[in-house]
1. Which residues, counting only those in the stretch 19-38, are under 26 Å from PRO68 (Cβ atoms) and in contact (Cβ under 8 Å) with a residue 24 or more places away in the chain?
2. Report those helices (runs of 4 or more DSSP H) wholly inside the stretch 1-61 carrying at least 1 residues which are open to solvent by 40 Å² or more (accessible area, probe 1.4 Å) and of a type in the set (Ser, Thr, Tyr).
Amino acid sequence: MSEHVHNRLAVVRAERKVSRQVLAEAVGAHYQTIGYIERGQYNPSLDLALRIAAYFRLPVEALFSLEPFRPLTDEVYGTGSAPDTAGTTERTTGRTTT
């Protein structure tokens, strides 16, 4: 049984302004395969995952994981999970919530 491989391919591809077609041609895949991978409908082979990572000059684990990725804002800003808002001051009104 195959395990689901989580990925950030769509995020990285959009950030780098790379179309599915361009990426597919660069890594020797069909553009629909890239879409299937992005949607989690297809797990890439190790070879394809490594070629995609090399194309973006990223470690393969930055793009693919067996565990769900943390939200990017958590990784970039280290915020962890959503804060508990009870007893905090609202920024816009200055009122304290309870």
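The values are calculated or read from the model by the stated rules, or taken from the named source; none is laboratory data. Here the structure is a predicted model, which means the values were calculated and not measured. Neighbour counts are summed over all protein chains in view; Cβ atoms, including those assigned to glycine, are modelled from backbone coordinates with ideal geometry. Heads up: the accessible areas ignore ligands, DNA and RNA and are worked out on the full protein's heavy atoms, side chains in. Shrake-Rupley method; radii C 1.70, N 1.55, O 1.52, S 1.80 Å.
1. LEU23, VAL27, ILE34, ILE37, GLU38
2. In the stretch 1-61, 31-38, 46-56 are the helices (runs of 4 or more DSSP H) which contain 1 or more residues that are open to solvent by 40 Å² or more (accessible area, probe 1.4 Å) and of a type in the set (Ser, Thr, Tyr).
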